[in-house]
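Worksheet: one structure, shown below.
Please treat every number below as a calculation from the coordinates, not as lab data. Just so you know, these numbers come straight off a predicted model, no measurement behind them. So basically every Cβ, Gly included, is an ideal-geometry build from the backbone, and we count neighbours across all protein chains shown.
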Amino acid sequence: MDHVVLIVAAGSGQRMGGDVPKQYRKLGGKTVLAHAVDAFGDHPVRVVVGDGQQDLATEALAERDVGDLIIGGATRSQSVRSGLASIDAGKVLIHDAARPFCPTDVSSALLSALAEKAAAVPVLRSVDTLARAHGEKLGGRVPREEIVRVQTPQAFRTDILAKAYAAWTGEEPTDEAQVVQSFGAEVALVAGSPMLDKLTTAEDFAHAEQMLAANLVSRTGMGFDVHGFAGSGPVMLGGVAIDHEKGLSGHSDADVCLHTITDALLGAAALGDIGQHFPPSDPQWKGADSETFLAHAANLVREKGGVIDHVDCTIICEAPKVGPHRDAIRANVARILELDEGGVSIKATTTEKLGFTGRREGIAAQAVATVRMPT
């Protein structure tokens, strides 16, 4: 293998705070770690995680092809060394999971630089005046042409980096470029990007959300579904079992509410329809819980970089009465979609005893989903 991207995601994120390390927090509908992996497209990627984070990482990465997770150590350098020991490639790009957006031109420039140099790093040059600070007092100026901000990914010939780490005897290094420099290797500079800024504070996350939002366009999807009454109750609506003398006929649990919201989401993201993803002819979906369908559609939207803003579903029937169960249905749909309840609307109406729903032959539902997708 010519090269591997090694994403270091073993940190605890103590400076950020929160219930989970920052690499597993959601950003624009998917985790920071997932963004970091997706940024490298078709490049082969391996991921180093902290011991005890395996379940978080597996869930965050879904079905992404990153091979077996690599267990890191207590420090960054220990995690990188574990990663190096687990790969077999002539070149390696070491990247921080907390930098979720890597422009393709940066990774290309880094790999190109390795044709002549043992290492290369992306940097940003300062456009501001730089000065030293002595407590609260301003000190002397620092020539800004001599100062750069060093980012990741950092590219290395794998054998040189491994030898440099084996020879390293100093304190914990701040990055791998420091290690290879101490080994005597020359480090090339390529143009970095503001997109590579590291997420460290809550303000950083807010800024990243704004960047994502600037590249999203709003789309609307519509869904419609019908199921006839058959057999004995209850009726499943929005994942809630409602007492009724008859149930609904369908290959799955015939949850007309969840089916139509599923189709609305798939339509908004131009991802086909529920029948394409869960064919009625496939016996594995016989009697299936329709929550599976809706959660799948929501995950597909988010994997495409989309953000679900709102869903609105109208259930059309004479019976059973939906009103007493509206709040429970709304709460359950919000749970499945990982939305606040304010992002879910559930309504019910009749057809004034006209048509098949008026004759109490079945239930219909229609839904509209508002989703923001990448341009």
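Tabulated results
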quantity	calculated
Average projection area in nm² (convex hull over Cα atoms of region 305-375, one quarter of hull surface)	5.6 nm²
5 Å-binned pair-distance histogram of region 1-84 (Cα, whole percent)	3, 15, 27, 27, 19, 7, 2, 0
DSSP bridge orientation in region 3-214 - percent antiparallel, rounded to nearest 5	45 percent
Longest DSSP-loop-exposure-free segment, trypsin sites (Lys or Arg not before Pro), the chain, at most 11 other Cβ within 10 Å	16-285
Extension gain, Ser12 back to Asp105 (0.36 nm per residue minus Cα-Cα distance, nm)	30.5 nm
Mean separation of Cα contacts under 8 Å, 6 or more apart, over the residue count of the chain: relative contact order %	15 percent
Convex hull (Cα only) mean projected area of region 1-142, reported in nm² to one decimal	11.4 nm²
Calculated FRET value between Glu146 and Ala270, using beta carbons and R₀ = 35 Å, to 0.05	0.10
Quotient of C-alpha Rg and 2.2 N^0.38 Å, computed over the chain	1.26
Lysines with Cα under 24 Å of Lys22, excluding same-chain neighbours fewer than 8 positions away	Lys30, Lys198, Lys304
Radius ratio Rg over Rh of region 139-275, counting only Cα atoms, Kirkwood formula for Rh	1.34
Pair Lys163, Asn215: separation of 7 Å Cα→Cβ label points (nm)	3.8 nm
Length-normalised contact order of region 217-374 in % [C-alpha pairs under 8 Å, at least 6 apart]	34 percent
For region 341-372 and region 58-126, distance of Cα centres in Å	49 Å
For region 231-375, average projected area of the Cα convex hull in nm²	8.5 nm²
Straight-distance crosslink candidates among lysines, where the alpha carbon sits under 17 Å from Lys347 and sequence neighbours closer than 8 are dropped	Lys321
Largest-first ellipsoid semi-axes for region 50-126, taking √(5λ) over the Cα gyration tensor eigenvalues, angstrom	25, 16, 14
Cα-based radius of gyration of region 63-183 once divided by 2.2 N^0.38 Å, which approximates compact folds	1.24
